[in-house]
Structure formats: C-alpha cells, structure tokens
1. In units of 2.2 N^0.38 Å, what is the alpha-carbon radius of gyration of region 324-367?
2. Given Cβ point charges of +1 (Lys, Arg) and -1 (Asp, Glu) and nothing else, what value in debye, to the nearest 20, does the dipole of region 188-299 about its Cα centre take?
3. For region 248-330, which chymotrypsin sites (Phe, Trp or Tyr not before Pro) are in a loop by DSSP, counting at most 10 other Cβ atoms within 10 Å?
4. Which links in LYS122/LYS152; LYS122/LYS311; LYS122/LYS191; LYS152/LYS191 stretch past 24 Å when you go from one Cα to the other?
5. For region 234-360, state what percent of all Cα-Cα pairs lands in each successive 5 Å bin, counting from 0 Å until the bin that includes the largest distance.
6. Using a 1.4 Å probe on the protein heavy atoms, what percent of the accessible area of region 136-232 belongs to carbon and sulfur?
7. Ignoring solvent entirely, what values of log10 I(q)/I(0) come out of the Debye formula for region 101-151 at 0.18 Å⁻¹ when each Cα is a single scatterer?
8. Shape verdict for region 194-277, please, from the Cα gyration tensor: rounded (a/c under 1.5), prolate (a/b greater than b/c) or oblate.
Amino acid sequence: EEEKQRFSGSSRLRSAKVLGASACRRRVAGWSDRKTPQDANSELQHPTPSPKREATQDGDRPRFGFVLQKLGAALRAFRNFALEEALDLLQGLPEAMRSTFWAQDLAARCWFELTDFRRAAKCFEAACSTDRGLTAVSTSHFSTALWQLNEKVQLSGLAQRCSGLDRKSPETWCVMGNCFSLQRDHAQAIKCLGRAIQLKPDFVYAYTLSGHEYMATEKFEAAVDMYEQAIALDSRHYNAWWGLGNIYFRREEFASARHHFERAIAINGRNPVLRTSLGAVLQAMQQPEHALSLFLGAEEGHCAAMAFFQKGRTLAALGKLNEAIKAFRSSLALAPREPAVHLELGSAELRRGAAQSAMLHLQRAIDFASVQDPGCQIVLCAQAELAQISSIQSTSMGQPSSRQQPRTGSRNQPAQGRFVRQLF
C-alpha cells in the first residue's frame, strides 16, 4: 500500500511538472509574440496589405451575406415600386435562391404591379406547385391575376386547393371571394372577403377587394368605407386611393377624383391604370392636351385597350376624327366585344360621314350591351344614333340634314366603369 501511494504521488508530481513546463512555454511564446512600440510604429508607416476577401467560397457557392444583400435590395426596390430594378436583382441571384418560394412570390408580385398578369400568374403557379409553396405565397394576388385573365377553371381549382389546405387562412377566403366575383356572385364574394377581414383585421388587401365588390353592386357608401379603412391601415396602399378616385369619377365629382388619382400616382407613378384613370378625369375637366400626354404613356400592358379608348375619345372631342378612329380600332383589336368601343367608333364614323360603318358598330354595341343590361345607357345612346342615321337616310339628297353632333360628355361613366372594374 505504501509503495502504491508513493508511485501515485510521484506520477502526479511528474504530470504537474509537465503541465507547468508546457504552460511556461506557452507564456514565453506569448511574450515573444508581443510587439514592441517600434514594431507598431513601423506597421503604421508600412501596413501590410490584407488578403482580398473572396466573393465565393466552396467553389461557386456565393456567400450568405451576398445573397442577403441582394434579397434586401430587391425587397426595397419592390417597396419603392422600382419594379424593373427588383426583377433585375432577383435575376442576379443564384439559381438555388431564385427557385425559393420567397423569390418566386416577389417576382410574381413585381409582374403583378406592372399589370403583366400573364407572367405574374406563371410565377405564382410555379411557386404553388406544392402545398408548402401554396401557404408561402400571396394567393390573394394570385387569384386577382387569374380574375384579370378570366381563368375561371384555374381560379376555381386554386380556391379548392386553398380551402382544403387551410380554411382558417385569410388568404384562402380572399381567393374564394375572387372566385365568386368572377362568377358575378358579388354577394357571396363580399361574405368571403368579410370572413377574411374577421380572421385578420389588418389585412389591407381584403378591404380593397371588398370595396371593389361593393362598387360593382353600386353600393358606393360601403365601398368608400372599405377603401378608407384600407388607407387608415396603410397610407401607401395606392389601390384604395384609386378606388376612391374611381367612385368620385362615377359620381362626376371630378375635382375629388383627380385628387385621389394624383395621390395614387404619387405612390406608384409608373402604373398605366392610374395614368389612364387620371387622364379620363382631365378629359372630363376639359383638359385634353394634358390627358393625351397621360394616355400616350399607358398604351402598353394590360390596360392598353382602355388607354386607346380614352385617347380616341379625347381626339374625337378635339375634332381629330381620323386619329380618333385609328385609336378606337386599336382598342377594338384588344377588346372586340366591348360595347363602349363600338359605340364611340360608330359615333366617330357617323360624324365623318361613313353611315354604313357607323350602323355596323352601333348595332354591335347594342348586341353586346344587351347581353349584360338591356336598359343600360350604351344601348340607349346607340339606339339614338341609329335613329339619327335613319332620319338622315330618309331625307332627300338635296335637302339639308337635321343631324346633330353626337354627345360625348354623357358617356364617361359607363365606358370607364366597364373597362376599369377590378384592375387591382
């Protein structure tokens, strides 16, 4: 026992000596590594160049900070409505990051704000290929893009997928509301959007969609209340500013409509729908030259038919009938079944003296408008123009015609309402 104790004690002593020696060596090495004041001064005078940081690591794999910087810059550009810049930044991301749900959703939102609903729907569809992606993207905007494209079957399928996945999601109820809206069941659409607001009281887009539905049923007071609540939640929500301006335009309160459209353009000045809407108000306020400058910048995109139509009405009011007819025909090529275009084109042809062409377009205006509302103002105006042509043809060639100039100011609201509808 004594020998064992002496052996264990001696082994502990040797271990302590070894550890002490190593610590001493580290201490001496540490002191030897310390720089003298002379060395510090020489390094300040002649600094050694630091090695450049590589942009990539692990081969072609970008650094995490680089990717985050690109994503943050793209999101900031999107918030400032620099949409082309945001798309360029997203294209500069690596392929693995571009295929994520977040990046695809942001790209789709950019195309949506540019009113290129076809590309927006394509990006949304790629992101929603799985159930996980369906819960990660803005399905409310996806459904609105499908609404604009009149894709009833695809929108119905999206509503069924969302409702089967999560019926307590406010996005699901927005999708269902857009689905009922496309089927012209506005009452049921309002109920669905109200459920979305109940689930998420700060859901700004749900208030805006509810305002669109109330406006479609001509419940303007309720629509104004919805738009104002959306603006109270987000003052930069230009869609609600546009909705208020459109209501005041239909009420012929042009000064208020101009104010709200200008507020929307101050937020998103490159949106062609906003520019066309403001141009229509300026035309009604007898400022055709300013209105034409706005229409010229909005002849591309989803609202090109409305821009050409409003441009034609302004040119017709200025007496430039040939240019007006050319603009109306451009609008007709994009919206061949729009009765307001046929009505204005027939009126312009009548003023130019082409009675046969005028009768053709006026009759088409009556046919297309009667399907939706047989007693609407477009039908009445077209019937009055046709009666005027009949009275001209019944007079003898030598007698002066009693034809009057067709009215232009009384058709602002039907034409604007039919083209704009729910553009956001």
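The values are calculated or read from the model by the stated rules, or taken from the named source; none is laboratory data. Note that the structure is predicted; figures quoted are calculated from it, not measured. A quick note on method: Cβ atoms are made from the backbone with ideal geometry, for glycine too, and the neighbour counts reach across all protein chains shown. For accessibility, only protein heavy atoms count, side chains too; no ligands or nucleic acids. Shrake-Rupley method; radii C 1.70, N 1.55, O 1.52, S 1.80 Å.
1. Values: Rg = 9.2 Å, N = 44, 2.2 N^0.38 = 9.3 Å.
That works out to 0.99 for region 324-367.
2. On the way: 11 positive and 12 negative charges, 53 e Å.
In total the dipole reaches around 260 debye.
3. Details: sites: TYR248, PHE249, PHE254, PHE261, PHE295, PHE308, PHE309, PHE328; in loops: none.
Passing both the DSSP loop test and the Cβ count: no residue.
4. Values: LYS122/LYS152 16 Å; LYS122/LYS311 31 Å; LYS122/LYS191 29 Å; LYS152/LYS191 19 Å.
From the list (LYS122/LYS152; LYS122/LYS311; LYS122/LYS191; LYS152/LYS191), the Cα-Cα distance tops 24 Å for LYS122/LYS311; LYS122/LYS191.
5. In whole percents, the pair-distance histogram is 2, 13, 20, 21, 19, 13, 7, 3, 1, 0, 0.
6. Numbers: 2030 of 4160 Å².
Summing carbon and sulfur atoms, their accessible area is 49 percent of the total for region 136-232.
7. Those come out to -0.43, one per q.
8. Values: a/c = 2.19, a/b = 1.35, b/c = 1.62.
Cα axes put region 194-277 in the oblate bin.
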